[in-house]
């Protein structure tokens, strides 16, 4: 269904509010990257206090309730599609910056194989194995674990969604440890009913 400008602006506004304001309720599987055996990831666990009263579960606010209308009737994707695409975007983004100097390009690519398109997988494997990059990673003995969080939905079409995602890294190397973060535009496409990441690049570069 083709949206007029007013409907498209309203749709974007509501989706951003849902994703950001509601803590991305629809798409909150545990997507902290699980690194290769050489790079064990540490997942924070909730603190339990004996005798503490467990608060009642909160009732999720649906898009219909939040907006007063069913916005999905205007959009080229369903609520399930949005949740699936966002989950894939977060998982792939975490794995994108999870690696170890001791693993091969093939091992790195294998973690991403079920989350990215076959064409993009070849690009990622080639980039990871680039001589200069690989040599620097090995000489510094770099080990990186990463997690990702969606900030907003940048654009969408009939079979693609582009999210702005923050990737947080923890890098160990001979010279010490660093914890850089960066924003990326992550495009997810629907191929034969399955969502896969087709591109990850710095958010400032566009990726429309």
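Identify, by number, the condition in (1) over 16 Å from the mean Cα position of the chain (by Cα); (2) surrounded by fewer than 15 Cβ atoms within 10 Å (Cβ to Cβ); (3) modelled with pLDDT of 95 or more that residue 65 doesn't meet.
Residue 65 satisfies every listed condition except (3).
Determine whether residue 93 is under 22 Å from the mean Cα position of the chain (by Cα), more than 30 Å from residue 192 (Cβ to Cβ), at pLDDT 85 or above and surrounded by 16 or more Cβ atoms within 10 Å (Cβ to Cβ).
When the stated conditions are applied, residue 93 does not pass them.
Quick test for you: out of 174, 169, pick the one residue that is within 25 Å of residue 138 (Cβ to Cβ) and modelled with pLDDT under 95.
174
Any residue in region 174-193 that is more than 11 Å from residue 117 (Cβ to Cβ) sitting within a Cβ distance under 6 Å of a residue that is part of a loop (DSSP other than H, G, I, E, B)? List the pairs, counting only those 6 or more apart or interchain.
174/140; 174/141; 185/207
Would you mention how many residues in region 99-109 are more than 9 Å from residue 125 (Cα to Cα) and touching a helix residue (DSSP H, G or I) at 6+ places or on another chain (Cβ under 7 Å)?
Going through region 99-109 one residue at a time, the tally reaches 2.
The values are calculated or read from the model by the stated rules, or taken from the named source; none is laboratory data. What you see is a predicted model, and the numbers here were worked out from it, not measured in a lab. Cβ coordinates were reconstructed from backbone atoms using ideal geometry, including for glycine residues, and neighbour counts include every protein chain displayed.
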